[in-house]
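Visitor: Right, I'll just put the structure down here and ask away after.
The values are calculated or read from the model by the stated rules, or taken from the named source; none is laboratory data. All figures in this text were calculated on a predicted structure; none of them were measured in a lab. Glycine gets a Cβ as well: all are built from the backbone with ideal geometry, and neighbour counts include every protein chain shown. Accessible surface areas use protein heavy atoms only, side chains included; no ligands, DNA or RNA. Shrake-Rupley method; radii C 1.70, N 1.55, O 1.52, S 1.80 Å.
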Amino acid sequence: MNIWMIVNGERREVDVPPMKRLLDTLREDLNLTGTKEGCGEGECGACLVLVNGQAVNSCLVATGQVQGAEIWTVEGLASSPEELTDLQSAFLTYGAVQCGFCTPGMLMTAHAYLRHNPDPTRDQIREAISGNLCRCTGYQKIVDAIEAVAKRRQTEPGEAP
Amino acid sequence: MASHFHQPERIEEALRFKQELGEAAYFLAGGTEVNNSKSKAAQAEHLIWLGKLGLGGIKRREGGVSIGAMTTLQEMLESELLHPAIHQAARNHANRNIRNVATIGGHLATCRSCADVIPVLLALRAWLRVATLSGELERDIERWLLGERDGIVLSVEVPDPPADLRVALECHTRTANDVSLITAGVSLRNEQGCMRDLIVAAGGVAASVVRLHEVEAALEGKPLPSREEVESLVAGQVNPIADIRGSADFKRHLAATLVERALRKAWNR
């Protein structure tokens, strides 16, 4: 089945079985391997991408369901490897990356959540990332990084990425 | 993996596909159940996607609120039109990433024993609008749970509760992310120190969420008895199965504890 979607701002077309998982279409057909597969059953959030602005596990979405949808993956966050977003930089500054496997999903979840709630409490951040598991259990620093970005955006308002 | 992906644009077309294909076809709503590689539906040959039928959205109606079947649980959690107890039940369901996709129609169609949102729908006396090939009908949720699940859920209709209705929910999960092991939902009115219009629903104790009619009948019109009395009454009316998630005794103990807590919370509100 021919399916088109807007991926990271560009129109892309793929010819895949409609039930192929969006995760596999992104990784195998569009070479966007930043999106990871962890559990494959919607528990870990490693495969998290944005579909029409909503954070979803791409292992639980059939490609046929996203015909014409706007998709953002971790590759779409930074405009170049030298120009990371404030969220990506904060993950580095705060040591929020250990093995790195959960990082793409964590970034996408946090990115979507901060647009939904620009001034969250620490508890709200924890609730927001509750569907993203970090196998290194490095949650404190991840929460620190997200909190720091939210605070900085409050004090230095600019155009949020 | 399904080889046929049907995308009907009219309800009747969706129903016809299902009638013709029978058990070879599954309806697909959000996909958190059907697209899960470990589900039986993932092996189906045909999938009938319901995403093009325009069944989303929460609307105010005369005397109540209508929740379209394709409304996600996160949309329900964020809707100011819905009762706070529905927000609480939706919040118990997995996590935000799953709730962004999981729909209330899929939640009802899957009809898991430990479904998080079904007990509160029973407690609020909600009912379903269901489309069948012989026309649209209203279906009592309890009958749906008991197996009358022909057709496609169009919406969940939640009537405005009486001003003095008290609703309380309880659940137990191993982790916040896990599915609930046991759920309880109750509603009642306190009329001159006695419980009236009592509804007691529990999940995780039978094949689907159930109303505990014997418990309701035993307590209706009375003040809330002691904790021990309520717990022993509930324990005598539930027959959970033992599985990897807990022994039958443990689940019975939990169900009795959680139903009692929900009743006391509602009673003291």
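Visitor: Hey, any hits in the range A:62-70 for a residue that's within 18 Å of A:THR33 (Cα to Cα) and in contact with an Asp or Glu (Cβ under 9 Å, 6 or more places away or on another chain)?
Guide: Yes, there is a match, as at least one residue in the range A:62-70 is within 18 Å of A:THR33 (Cα to Cα) and in contact with an Asp or Glu (Cβ under 9 Å, 6 or more places away or on another chain).
Visitor: Mind listing whichever residues of the range B:38-61 are more than 11 Å from every other protein chain (Cβ to nearest Cβ) and part of a helix (DSSP H, G or I)?
Guide: B:LYS40
Visitor: Look through the range A:1-19, keep the residues that are touching a helix residue (DSSP H, G or I) at 6+ places or on another chain (Cβ under 6 Å) and at pLDDT 95 or above, and return whichever of them is farthest from A:GLN67 (Cα to Cα). Outline the logic, then answer.
Guide: Initial filter on the range A:1-19 (touching a helix residue (DSSP H, G or I) at 6+ places or on another chain (Cβ under 6 Å)): A:3, A:5, A:8, A:14, A:16, A:18.
Subset that is at pLDDT 95 or above: A:3, A:5, A:8, A:14, A:16.
Values: A:ILE3: 6, A:MET5: 6, A:ASN8: 15, A:VAL14: 10, A:VAL16: 12 Å.
Selected residue: A:ASN8.
Visitor: Count, please, the residues in the range A:84-131 that happen to be free of Cβ contacts under 8 Å to residues at least 24 places away in the same chain, among the polar types (S, T, N, Q) and more than 20 Å from A:ASN8 (Cβ to Cβ).
Guide: Total satisfying the criteria: 4.
Visitor: Here's another thing I want to ask about it. Search the range B:1-30 for residues being under 21 Å from B:THR72 (Cβ atoms) and more than 9 Å from every other protein chain (Cβ to nearest Cβ), and hand back the single one that is most open to solvent (accessible area, probe 1.4 Å).
Guide: B:GLU9
Visitor: Another question, then. Mind checking which strands (runs of 3 or more DSSP E) fall wholly inside the range A:1-62 and carry at least 1 residues that are at the interface with chain B (Cβ under 7 Å from one of its Cβ atoms)?
Guide: A:48-51, A:54-57
Visitor: Let me ask you something else. Does the range B:196-205 contain any residue that is farther than 14 Å from B:PRO119 by Cα and either within 14 Å of chain A (Cβ to nearest Cβ) or in contact with a helix residue (DSSP H, G or I) (Cβ under 7 Å, 6 or more places away or on another chain) (or both)?
Guide: No: zero hits.
Visitor: Further question on the same structure: I want to confirm something. Restricting to the range B:31-83 and keeping residues that are among the hydroxyl-bearing types (Ser, Thr, Tyr) and assigned by TED's automatic domain parsing to the domain that holds B:ALA14, which single residue is most open to solvent (accessible area, probe 1.4 Å)?
Guide: Step by step, filter the range B:31-83, then rank; the result is B:SER37.
Visitor: Still on this model: Taking the residues in the range B:62-85 that are closer than 20 Å to A:GLN54 by Cβ and part of a helix (DSSP H, G or I) as candidates, determine which candidate is farthest from the chain's Cα centre (by Cα).
Guide: So, considering only residues that are closer than 20 Å to A:GLN54 by Cβ and part of a helix (DSSP H, G or I), the one farthest from the chain's Cα centre (by Cα) is B:GLU78.
Visitor: Tally the residues that are in a strand (DSSP E or B) and of a type outside the set (A, V, I, L, M, F, W, C), restricting the search to the range B:138-158.
Guide: So the answer is 5.
Visitor: Being farther than 17 Å from B:ILE58 by Cα and either open to solvent by 30 Å² or more (accessible area, probe 1.4 Å) or without any contact (Cβ under 8 Å) to a residue 24 or more places away in the chain (or both) narrows it down to one residue among B:ASP140, B:ASP160; which is it? Walk me through it before giving the result.
Guide: On the way: B:ASP160 fails: farther than 17 Å from B:ILE58 by Cα.
Selected residue: B:ASP140, the only one of B:ASP140, B:ASP160 that is farther than 17 Å from B:ILE58 by Cα and either open to solvent by 30 Å² or more (accessible area, probe 1.4 Å) or without any contact (Cβ under 8 Å) to a residue 24 or more places away in the chain (or both).
Visitor: Hey, another quick one. Checking the conditions here, which among A:GLU13, A:GLU41, A:GLU37, A:GLU28 is within 20 Å of B:GLN7 (Cβ to Cβ), surrounded by fewer than 17 Cβ atoms within 10 Å (Cβ to Cβ) and among the acidic types (Asp, Glu)? First the steps, then the outcome.
Guide: Numbers: A:GLU41 fails: within 20 Å of B:GLN7 (Cβ to Cβ); A:GLU37 fails: within 20 Å of B:GLN7 (Cβ to Cβ); A:GLU28 fails: within 20 Å of B:GLN7 (Cβ to Cβ).
One residue alone meets the criteria, A:GLU13.
Visitor: For the subset of the range B:234-258 comprising residues that are under 21 Å from the mean Cα position of the chain (by Cα) and in a helix (DSSP H, G or I), which member is surrounded by the fewest Cβ atoms within 10 Å (Cβ to Cβ)?
Guide: Checking each candidate, the answer is B:THR257.
Visitor: Give me the pairs, please: first residue somewhere in the range B:170-195 and closer than 14 Å to B:VAL259 by Cβ and modelled with pLDDT of 95 or more, second residue anywhere and among the charged types (D, E, K, R) and in a strand (DSSP E or B), beta-carbon distance under 6 Å, and either six or more positions apart or on two chains.
Guide: Final answer for the pair search is B:ALA184/B:GLU170; B:LEU188/B:ARG166.
Visitor: In the set B:GLY106, B:GLY135, which member is among the small types (Gly, Ala, Ser), in the same structural domain as B:ILE67 (by TED's automatic domain parsing) and buried (at least 23 other Cβ atoms within 10 Å of the Cβ)?
Guide: B:GLY106
Visitor: Return yes when A:PHE91 is under 26 Å from A:CYS59 (Cβ atoms), touching a Lys or Arg at 6+ places or on another chain (Cβ under 7 Å), more than 13 Å from every other protein chain (Cβ to nearest Cβ) and surrounded by 15 or more Cβ atoms within 10 Å (Cβ to Cβ) and no when it is not.
Guide: Here the answer is no, as A:PHE91 does not meet what is asked.
Visitor: With the requirement that a residue be of a type in the set (A, V, I, L, M, F, W, C) and in contact with a helix residue (DSSP H, G or I) (Cβ under 6 Å, 6 or more places away or on another chain), what does the range B:37-52 give you?
Guide: Going through the range B:37-52, the residues of a type in the set (A, V, I, L, M, F, W, C) turn out to be B:41-42, B:44, B:47-50.
Listed by number, the list holds a single entry, B:ILE48.
Visitor: Continuing with this model, one more query. Based on this model, can you work out whether B:PRO161 counts as assigned to a loop (DSSP other than H, G, I, E, B) and at pLDDT 95 or above?
Guide: Spelling it out, B:PRO161 is indeed assigned to a loop (DSSP other than H, G, I, E, B) and at pLDDT 95 or above.
Visitor: Then there is this: Please work out if B:GLU75 is in contact with a Lys or Arg (Cβ under 9 Å, 6 or more places away or on another chain) and of a type outside the set (A, V, I, L, M, F, W, C). Walk me through it before giving the result.
Guide: Numbers: in contact with a Lys or Arg (Cβ under 9 Å, 6 or more places away or on another chain): yes; of a type outside the set (A, V, I, L, M, F, W, C): yes.
For B:GLU75, the condition - in contact with a Lys or Arg (Cβ under 9 Å, 6 or more places away or on another chain) and of a type outside the set (A, V, I, L, M, F, W, C) - is met.
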